[in-house]
Amino acid sequence: MRLTKVKAAAAFVCSLALFLAIYSASKDDAESIARVNPTAQHSEPRATVSSPAELPAPVVAPPAAVPIPIKPLPSMHQQLMSARDLRVLYLKLLQQGDEGGGLYAMNILMRCSAARQRQFPITWVPQSVEQAQAKALTEEQCASFVGSELSMDAVAALARDPRLQNDRLRSLLDTWVRESQKTEGRSTALSAVLQARDPLLLEQVAGAIFSNDGKITFDGKIYNESYAFPVLSSAWISAICDGLQTQCGQLGDPYLMEACINQNTCASTRYELFASDTERRFGKEGGALFQAIYPRMVEVIRNQDVSALIPKTIN
Amino acid sequence: MKKFVKATCVAIAVLFTLSAGANEYSLPPVTVTGQGYYDFGVGGGYNPPQAAGGGEPFPGYFQLVAGAERYIQASNVRCSTTGDSRNVTSQSSVLERWIAAEQVYRRLKQFDTFWSFWGANNTPDKRGWFLVVYADGYSEQWAVISPMFSQVTPGSPMPNTMKPGSTPAGVVAPNTVCG
């Protein structure tokens with residue numbers, strides 16, 4: 001009996017290992033198979049709805065603003081944050097293709113497409129006034145679009161729209177993606193992205209800027225912790241607001257709205273939201289990392305300091 | 001070492017014996033949705049078995065194997081995207097790859113309930129990125145921000161993560177499951 005159990009266990013472990021190995025060989029990415037642990041059944045119930053009171057509070061306040069001259073931000077982002085009807089803004093942005101309207105227009109289509117696809121259970125009821133408001137606002141913002149305008153085929157067609165081929169922000173993003181593969185071009189392309197001082201453009205490079213030859217790096221350090229990459233990405237998204245001193249992080253900010261709708265986590269700033277989220281997801285270590293790197297990320301964005309994102313002297 | 005080789009042989013036999021039939025009865029069949037992408041039968045309402053079936057080392061083993069296979073399939077643009085995105089290859093523009101990646105991510109999210117039951121720690125939201133397999137078999141990593149957000153992955157793939165497939169770059173190769 002005992003031998004049978006051992007055999008069964010060995011067969012399972014080996015078959016799973018082999019399965020991973022096969023996938024690794026074909027895709028060189030065994031990690032894309034979720035590591036499973038049969039003993040962990042029911043150990044991690046999926047978060048559904050939690051009240052803000054259950055979330056850990058941010059440990060420290062955001063860093064104080066450094067008094068340096070700030071150039072005016074592109075008005076497109078301000079409009080994106082405050083728009084009640086995103087279709088109206090979308091049509092307007094199409095006329096501003098050269099100025100970055102294409103990137104913003106695509107963001108609107110993808111956001112509204114995802115919002116339209118979201119399905120709530122029949123029994124769903126808002127858990128708070130804030131959650132109900134966030135849901136109503138998000139639905140109102142996208143209500144003017146007809147279904148066909150929000151298909152991913154429509155998004156793909158927008159990518160080919162000749163009016164948007166000379167989009168300044170898209171061009172910067174394309175250049176970054178192309179040059180990020182190279183040691184020399186990476187710094188120049190990233191400098192151009194930082195100097196654009198556009199919140200939406202900076203969001204597009206979140207994550208990728210910390211990936212260097214398979215290592216996760218920031219400000220001269222290599223991070224080996226399993227949670228480091230999502231924590232760095234979250235901190236970057238948060239730091240954009242303080243780094244550019246823009247009005248993101250208020251009503252209309254899609255990150256705040258999404259968190260409020262999906263999990264009833266209704267924060268008033270991105271900093272508050274992501275600081276709590278990283279600690280909830282990755283424990284005190286993850287929360288501590290967020291707090292440790294956040295001020296430096298704000299500096300990097302504010303001062304357009306590309307050196308922290310180029311691994312010249314990895315320790 | 002001998003034991004390892006022996007165990008591996010057993011594992012091969014078990015894997016091929018079990019996985020061959022796993023898809024047939026352990027999860028709902030893979031179907032094509034009205035929108036054109038594939039439904040992998042692991043969305044809301046995943047109901048794990050309470051007792052081991054014949055040949056299973058533990059309850060739900062067949063489902064686990066089938067789910068892992070389908071997760072790989074869902075990473076493929078041939079299975080998880082519609083229209084022109086089904087033909088996006090490693091040679092397509094960044095924007096086209098981004099749009100395809102966004103669709104793949106939405107399909108991978110269907111597996112959240114499935115993986116949460118099995119205690120998986122390597123889901124896209126937990127590690128901060130996911131893999132997209134393009135129509136030419138090349139694969140690339142894309143970042144995600146947080147599971148709290150049901151939308152829009154960042155528009156930049158992870159640098160230097162493009163890996164070749166089994167066909168020449170840019171040549172569309174039909175997927176064995178999704179055509």
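The single condition among (1) within 12 Å of chain B (Cβ to nearest Cβ); (2) out of contact with any Ser or Thr (no Cβ under 6 Å at 6 or more places or on another chain) that A:E149 does not satisfy is (1). The residues of the stretch A:277-315 that are among the polar types (S, T, N, Q) and either at pLDDT 95 or above or farther than 16 Å from A:V231 by Cα (or both), listed by number, are A:Q291, A:N303, A:Q304, A:S307, A:T313, A:N315. The set of residues in the stretch A:174-207 that are touching a helix residue (DSSP H, G or I) at 6+ places or on another chain (Cβ under 6 Å) and farther than 15 Å from A:I240 by Cβ comprises A:D174, A:T175, A:W176, A:V177, A:E179, A:S180, A:G185, A:R186, A:S187, A:A189, A:S191, A:A192. Considering the stretch A:99-132, and only residues there that are outside any helix (DSSP H, G or I) and of a type in the set (V, I, T), the residue that is modelled with the lowest pLDDT turns out to be A:I122.
It is to be established whether one or more residues within the stretch A:161-182 are in a strand (DSSP E or B), within 11 Å of chain B (Cβ to nearest Cβ) and surrounded by fewer than 22 Cβ atoms within 10 Å (Cβ to Cβ). No: the stretch A:161-182 contains no residue that is in a strand (DSSP E or B), within 11 Å of chain B (Cβ to nearest Cβ) and surrounded by fewer than 22 Cβ atoms within 10 Å (Cβ to Cβ). The condition of being at pLDDT 90 or above and not polar (S, T, N, Q) holds for only one of A:K71, A:K182, A:K92, that being A:K92. Restricting the search to the stretch A:133-160, which residues are part of a helix (DSSP H, G or I), under 25 Å from the mean Cα position of the chain (by Cα) and polar (S, T, N, Q)? Those that are part of a helix (DSSP H, G or I), under 25 Å from the mean Cα position of the chain (by Cα) and polar (S, T, N, Q): A:Q133, A:T138, A:Q141. Scanning the stretch B:113-162 for residues that are modelled with pLDDT under 85 and at positive phi yields B:G119, B:G128, B:V152. For the stretch B:58-104, residues that are over 15 Å from B:M162 (Cβ atoms) and in contact with a Pro (Cβ under 9 Å, 6 or more places away or on another chain) total 8. Being at pLDDT below 95, at the interface with chain B (Cβ under 9 Å from one of its Cβ atoms), part of a loop (DSSP other than H, G, I, E, B) and out of contact with any Gly (no Cβ under 8 Å at 6 or more places or on another chain) holds for only one residue in A:T265, A:T246, and it is A:T265.
The values are calculated or read from the model by the stated rules, or taken from the named source; none is laboratory data. Here the structure is a predicted model, which is why all the values come from computation and not from measurement. Backbone-built Cβ (ideal geometry, glycine too); neighbour counts: all protein chains shown.
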